[in-house]
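Read the structure below first, then the notes.
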Amino acid sequence: MNYRAIKVEDYLNNSANAPYAKKFDELFEKLAKLELPRIKDIQIKKLIDIGPKNLNDVKIILQGYNISLSNENVQKILDVFKEYI
C-alpha cells in the first residue's frame, strides 16, 4: 500500500473506535430531535464524527458551514454528547 492508503486506513480504524461510533443512530436521533435552527443532517453527522467536548469545539465544527448558534443551543448539543461519555 502507498502512503496515502495507509493514512486512510489508520484514520478509518481510529474513527471507528470513537466513543460515539457505536451509538451513532441513537445520538443522531437525539440531536435531530433538538430541532436546532439551520442545522441539517450533514452537520449533525459531522458533529458526531468529531465529538465536540466544549463550546468552542462545536463552534469550530460548524464554522465550516457558515452556521452560528446561540450559546444556549450549543449547550444543548453538548448536553447530549455528555450523556455518552
Problem - Filtered GluC sites (Glu not before Pro), the stretch 31-85: DSSP coil and at most 11 other beta carbons within 10 Å - result: E35, E83
Practice task
In debye, nearest 20, what is the charge dipole magnitude of the chain about its Cα centre with +1 on Lys and Arg Cβ and -1 on Asp and Glu Cβ, if you could check?
Solution key: 160 debye
Problem - Mean Cα-pair separation over length for the chain, i.e. relative contact order, pairs under 8 Å, 6 or more apart, % - result: 31 percent
Handout entry: Positive-pole candidate from I39, I67, G51, dipole of the stretch 3-82, charges at beta carbon
Key = I67
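Please report, largest first and rounded to whole Å, the three semi-axes of the ellipsoid equivalent to the chain, where each semi-axis is the square root of five times an eigenvalue of the C-alpha gyration tensor.
25, 15, 11
What range in the chain is the longest one free of trypsin sites (Lys or Arg not before Pro) that are in a loop by DSSP and have at most 14 other Cβ atoms within 10 angstrom?
Numbers: sites that count: R38, K40, K53.
Formally, the longest exposed-site-free interval is 1-37.
Read-outs: derived from the displayed coordinates by stated rules, not from any lab. Because the structure is a prediction, the values reported are computed rather than measured. A quick note on method: Cβ atoms are made from the backbone with ideal geometry, for glycine too, and the neighbour counts reach across all protein chains shown.
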